[in-house]
Amino acid sequence: MDFIYDYKLIWIPLLVMSVAQLMKFGRYVLRHGFNFEYMLTPGHFPSAHSAFVTSLLICIGYYEKTSSPDFALAFAFALLTIYDALRIRVNIGIQGRVLNRLLSQLDDLEEVDKKTFPHLKERVGHYKNEVLGGIAVSFVISYLLIYLVELFK
């Protein structure tokens, strides 16, 4: 039991991230059928990245207090991660979609070997609702796990 309590600041966020990723996988299975490859795919609802960094922020705020340097570092890490998911990786996906569309329109050019161009992933980032979903999942599960850890301490 000491192990669980001593390492709560890492296993709670990891468990929260895993739950968010399993929720995402479950949604995929319901919509498209089982494809194990999708288990670790980025993007979509809820954001496991946002769930992880929010859970880390919650745990550090709860156990180390919000005035600690650790909380400030976790806050900056969360902001950067969420910004990356919302802005940078979304734009990478948009570029992938545009490049895939351009490549599909090159059918008229015989000298272009389309096999040398990989099909780019078009969903690597998150929309706002997906990030908010990850944050919401994180709040609920993080506080539930903190409650259970404190209950059985």
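Just so it is clear, none of the values below were taken in a lab; they were calculated from the coordinates. This structure is a prediction, so every number in the text was calculated from the model and none was measured. Quick reminder, even Gly has a Cβ in these numbers, built from the backbone with ideal geometry, and neighbours come from all protein chains shown.
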Rg over Rh, two decimals, the chain (C-alpha only, Kirkwood Rh): 1.13
Note, ³J(HN,Hα) from phi for segment 29-44, Karplus 6.51, -1.76, 1.60, rounded to Hz, x at Gly and Pro: 4, 5, 7, 10, x, 6, 8, 4, 4, 6, 3, 10, 6, x, x, 6
Two-site label geometry, PHE36 and LEU144: point separation in nm, points 7 Å out along Cα→Cβ: 2.7
Anchor LYS24: lysines whose Cα lies under 29 Å away (excluding residues fewer than 8 positions away in-chain): LYS8, LYS121, LYS128
Neighbourhood charge, 10 Å Cβ-Cβ cut-off, centred on PRO42 and excluding it, Lys, Arg +1 and Asp, Glu -1: +4
Sorted by Cβ neighbour density within 10 Å, fewest at the top, the residues PHE52, PHE75: PHE75, PHE52
For the chain, built as a Gaussian network whose Cα springs stay under 10 Å, the top-fluctuating residue of ILE94, ILE60, ILE141: ILE94
